[in-house]
Amino acid sequence: MSRLERFRSLFRTALDVPEEIAPERYQALRRKITLLLTTAAVVPLLILSVINYHQYRATLTREIVTPVRGLVNKTRHSFELFLAERASTVSLISQVYTPAELADERNLNRIFRAVKGEFPGFIDLGLINENGVHASYVGPYNLKGKDYSSADWYQQTRVKGVYVSDVFMGFRRFPHIVIAVQRMTDDGHSWVLRATIDTGQFDRLIASMGLEPESDAFLVNTAGVLQTASRFYGAVLDQLPLPMPPMTYETATLETTDPAGRDVFITYTYFQHADFVLMAVKPRADIFKPWTTLRSDLILLFVTSVALILSVAFGLTDLLVRRMRASDERRIAAFVQMEHTQKLSSIGRLAAGVAHEINNPLAIINEKAGLASDLMELAKDFPERDRFRALVDAILRSVERCRSITHRLLGFSRRMDVNIEQLDVNDVLKETMSFLEQEALHRSITTSVSLDPAMPRIASDRGQLQQVFLNILNNAFAAVPDGGSVTLATWLRDPDTVGVSIKDNGKGMSDEVLRHIFEPFFTTKKTSGTGLGMFITYGIIRRLGGDIAVQSKEGAGTTVTVFLPVKAAPTATLGS
Amino acid sequence: MQELKVLLVDDEEEFVTTLAERLSLRGMATRIATDGEQALRAVEADPPHVVVLDLMMPGIKGTEALRRIKAGHPGVQVILLTGHGSARDGIEGMKLGAFDYLMKPLRLEDLLEKLHEAGRLAQAAQGNS
């Protein structure tokens, strides 16, 4: 079986429900359709929502993080420019002046003031001779003669030629950095020009980033020691409580949790030529504020959509299933009706067949009894003649009764001489009613008629219609007590059908009686009826292409409604 | 007026013999036949005035027997008997030249009345021929 085939059969079996009209059937159907509809609508929506959720989130993160990255990058450039300028200045001085000129403190002082005027941040300037001793110094501290030969920065300067230190406190208990440049005299002596820079400049650069109060930015060295004060993570030279991000030459962002438990985004960049890392820390909540708004909108939209889908699915299914149920019920009712018609027509055929078969033996009985009677009359001396005559007469009367029954049955089921003409149903009804006027008067039965004057003429058989109406009217009269009422009405049901109703306020019928009313030999008038009236009526109406309906309620009367076609039915002339 | 000759045709022997006896009691010369063939032979042998013919018989159908009787002896009157109570067979029979039709079981008075009418017609016709 192919996949498609399997899918189809799955669908078929999913919607397969037992045939009979049971409430569970429709409940099961309703459940299945609703589930299917809902799943088909909600699942794609859910997938779409989840994708959207993640996409929006990613996009928003990018959108928010990118400017921060740019800012961090720019600030790093400012830092590098600042340091490079200072380093160049120191380097330039060391090249322009000879050690002898710099050793003269008046000269050095003049140079220092000029430099300080041009480049803010310089604190002092000093020349260290080849023994590592401060040979000359200008600045706020008394550092002349200080021996640096074993200091780390001095060693590094001797190796690298140019050295920019981390921030440190040194002898003066104030954060600063050192820029040192080593030079060689022509005769092979090495000396070092050293300047210290106030890191207050760093703070100004950080401040120029213009961060929100919840955000933080600072400079650390690669060992994680703070080079500028941080809002949240400590003072200068404190160990940064965050782990150092992995080394990269690009500006990068990572998500982490800080020691205070805040979810933060850290945007950081490593310096190219110095041992520094610039970091900007933003709390995640801040970044996601627009996202949170959007997310609640998304969730609201999703929930609303699902609610809408559910209500439509439920409503639609309910409507659908109810329609289905109604049509099923109509179909079953039609079946019942058909079955009923079938049953009656079988009964009719059976009755006619029985009547026909009975006629021959009946004829024999008739003749035998007749002959017996003849012989008795001819005999001169017949003992108990009177008694015998009574017996034979009784037999003949019974035969006569049977004869009338079989003839009526046969006449009903085999009657062919239908005489179709254009006639006015109202006329036929009034004419028939006139047969009963005497009885109505006698028993003071009220008869009221409401005949539609705009009735079309119909093609039908006058005599048979009279028989039908007379039959129904007779029943109505039999049902009402003296002083009762019988109401006649005619109307045009649709352009092809006229309706005739005969209503009485008599004793009515039980459902049990109603069920058998069209069957032959069924009678409630035990003594006076043959039980063929409604049976024959039904047969005639069906043959004329019409229909009959009886509504009755015990004690409340009966309404018999006859519908007749305006045009003659083909069965009216063909017979059964 | 000479004796009325009647041929009764019916496959129900009990019926036909009894009826024959009753008609004989009333002064008619009656013969019987229990199927179409017999009836035709009887008509050939001695044409009766009236044939009372049942339409529902095995063998030759009543209408067929009627046709043949009327073809050979137009003066013989035929009264049809139907068990159907249906006017159709009767009307069809009338078209084929039957005198009248009656439904079973018979009322003897009806039959006698028809027999006398038909008999008068037959005697007149046969007397003329």
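The values are calculated or read from the model by the stated rules, or taken from the named source; none is laboratory data. Please read these numbers as outputs of a predicted model, since none were measured by experiment. FYI the Cβ positions are ideal-geometry reconstructions off the backbone, even for glycines, and counts take in every protein chain you see. Calculation scope for accessible area: heavy atoms of the full protein, side chains included, ligands and nucleic acids excluded. Shrake-Rupley method; radii C 1.70, N 1.55, O 1.52, S 1.80 Å.
At-a-glance table
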read-out: Lone qualifier among A:SER311, A:SER296, A:SER327 - being closer than 30 Å to A:ASP258 by Cα and open to solvent by 40 Å² or more (accessible area, probe 1.4 Å); value: A:SER296
read-out: Residue list for region A:176-201, restricted to those being open to solvent by less than 30 Å² (accessible area, probe 1.4 Å) and assigned to a loop (DSSP other than H, G, I, E, B); value: A:THR199
read-out: Complete set of residues in region B:1-11 that are in a strand (DSSP E or B) and within 11 Å of another protein chain (Cβ to nearest Cβ); value: B:LEU8
read-out: Matching residues in region A:330-352 - criterion: being open to solvent by 40 Å² or more (accessible area, probe 1.4 Å) and within 14 Å of chain B (Cβ to nearest Cβ); value: A:ARG349
read-out: Any hit, region B:95-106, residues being in a helix (DSSP H, G or I) and either more than 13 Å from chain A (Cβ to nearest Cβ) or without any contact (Cβ under 8 Å) to a residue 12 or more places away in the chain (or both); value: yes
read-out: Qualifying residue in region A:403-411 (condition: more than 9 Å from every other protein chain (Cβ to nearest Cβ), among the small types (Gly, Ala, Ser) and under 60 Å from the mean Cα position of the chain (by Cα)); value: no
read-out: Selection within region A:202-222 - within 19 Å of A:ILE177 (Cβ to Cβ) and either assigned to a helix (DSSP H, G or I) or in contact with an Asp or Glu (Cβ under 8 Å, 6 or more places away or on another chain) (or both); value: A:PHE202, A:ASP203, A:ARG204, A:LEU205, A:ILE206, A:ALA207, A:ASN221, A:THR222
read-out: Conditions (1) open to solvent by 60 Å² or more (accessible area, probe 1.4 Å); (2) away from chain A (no Cβ under 12 Å); number of the one not met by B:HIS73; value: (1)
read-out: Residues satisfying the stated conditions in region A:528-568, i.e. of a type in the set (Phe, Trp, Tyr) and in a strand (DSSP E or B); value: A:PHE563
read-out: Residue count, region A:279-326 (criterion: part of a helix (DSSP H, G or I), more than 30 Å from A:ARG25 (Cα to Cα) and among the hydrophobic types (A, V, I, L, M, F, W, C)); value: 10
read-out: Residues of region B:20-40 satisfying the condition of being within 11 Å of chain A (Cβ to nearest Cβ), touching a residue at least 12 places away in the same chain (Cβ under 8 Å) and open to solvent by less than 60 Å² (accessible area, probe 1.4 Å); value: B:ALA20, B:ARG22, B:LEU23
read-out: Residue tally, condition among the aliphatic types (A, V, I, L, M), free of Cβ contacts under 8 Å to residues at least 60 places away in the same chain and open to solvent by less than 40 Å² (accessible area, probe 1.4 Å), over region A:90-112; value: 2
read-out: Meets criteria (touching a residue at least 60 places away in the same chain (Cβ under 8 Å) and over 30 Å from A:HIS407 (Cβ atoms)) for A:PRO456; value: yes
read-out: Region A:436-464 - residue that is in a helix (DSSP H, G or I) and closer than 20 Å to A:THR558 by Cβ and, of those, nearest to the other protein chains (Cβ to nearest Cβ); value: A:GLU439
read-out: Region A:146-172 residues that are under 25 Å from A:ASP203 (Cβ atoms), paired with ones that are assigned to a helix (DSSP H, G or I) and open to solvent by 40 Å² or more (accessible area, probe 1.4 Å) (beta carbon under 7 Å, 6 or more apart); value: A:TYR163/A:GLN156
read-out: Count of residues meeting criterion [buried (at least 19 other Cβ atoms within 10 Å of the Cβ), closer than 27 Å to A:ASN107 by Cα and either of a type in the set (D, E, K, R) or out of contact with any Gly (no Cβ under 9 Å at 6 or more places or on another chain) (or both)] in region A:151-175; value: 5
read-out: Meets criteria (touching a Ser or Thr at 6+ places or on another chain (Cβ under 7 Å) and either farther than 22 Å from A:GLN227 by Cα or without any contact (Cβ under 8 Å) to a residue 12 or more places away in the chain (or both)) for A:VAL115; value: yes
read-out: Filter pass, A:SER398 being away from chain B (no Cβ under 13 Å) and either at negative phi or not aliphatic (A, V, I, L, M) (or both); value: no
read-out: Any hit, region A:253-266, residues being open to solvent by 20 Å² or more (accessible area, probe 1.4 Å), aliphatic (A, V, I, L, M), assigned to a strand (DSSP E or B) and in contact (Cβ under 8 Å) with a residue 40 or more places away in the chain; value: no
read-out: Lone qualifier among A:ARG397, A:ARG462, A:ARG408 - being modelled with pLDDT of 90 or more, under 27 Å from A:GLY348 (Cα atoms) and of a type in the set (Lys, Arg); value: A:ARG397
read-out: Within region A:518-537, considering residues that are open to solvent by less than 20 Å² (accessible area, probe 1.4 Å) and of a type outside the set (A, V, I, L, M, F, W, C), the one modelled with the lowest pLDDT; value: A:GLY531
read-out: Residue in region A:202-215 that is among the acidic types (Asp, Glu) and either open to solvent by less than 60 Å² (accessible area, probe 1.4 Å) or touching a strand residue (DSSP E or B) at 6+ places or on another chain (Cβ under 6 Å) (or both) present; value: yes
read-out: Some residue of region A:353-374 being at pLDDT below 85, open to solvent by less than 40 Å² (accessible area, probe 1.4 Å), more than 9 Å from chain B (Cβ to nearest Cβ) and assigned to a helix (DSSP H, G or I); value: yes
read-out: Selection status of A:LEU242, in a loop (DSSP other than H, G, I, E, B) and open to solvent by less than 60 Å² (accessible area, probe 1.4 Å); value: yes
read-out: So B:GLU14, is it assigned to a helix (DSSP H, G or I), open to solvent by 10 Å² or more (accessible area, probe 1.4 Å), within 12 Å of chain A (Cβ to nearest Cβ) and within 28 Å of A:ALA369 (Cα to Cα); value: yes
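To keep it simple, each residue is scored yes or no on (1) at positive phi; (2) of a type in the set (Gly, Ala, Ser); (3) at pLDDT 90 or above.
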residue: A:PRO495; (1), (2), (3): no, no, no
residue: A:ASP504; (1), (2), (3): no, no, yes
residue: A:HIS516; (1), (2), (3): no, no, no
residue: A:GLY539; (1), (2), (3): no, yes, no
residue: A:ILE548; (1), (2), (3): no, no, yes
residue: A:GLU554; (1), (2), (3): no, no, no
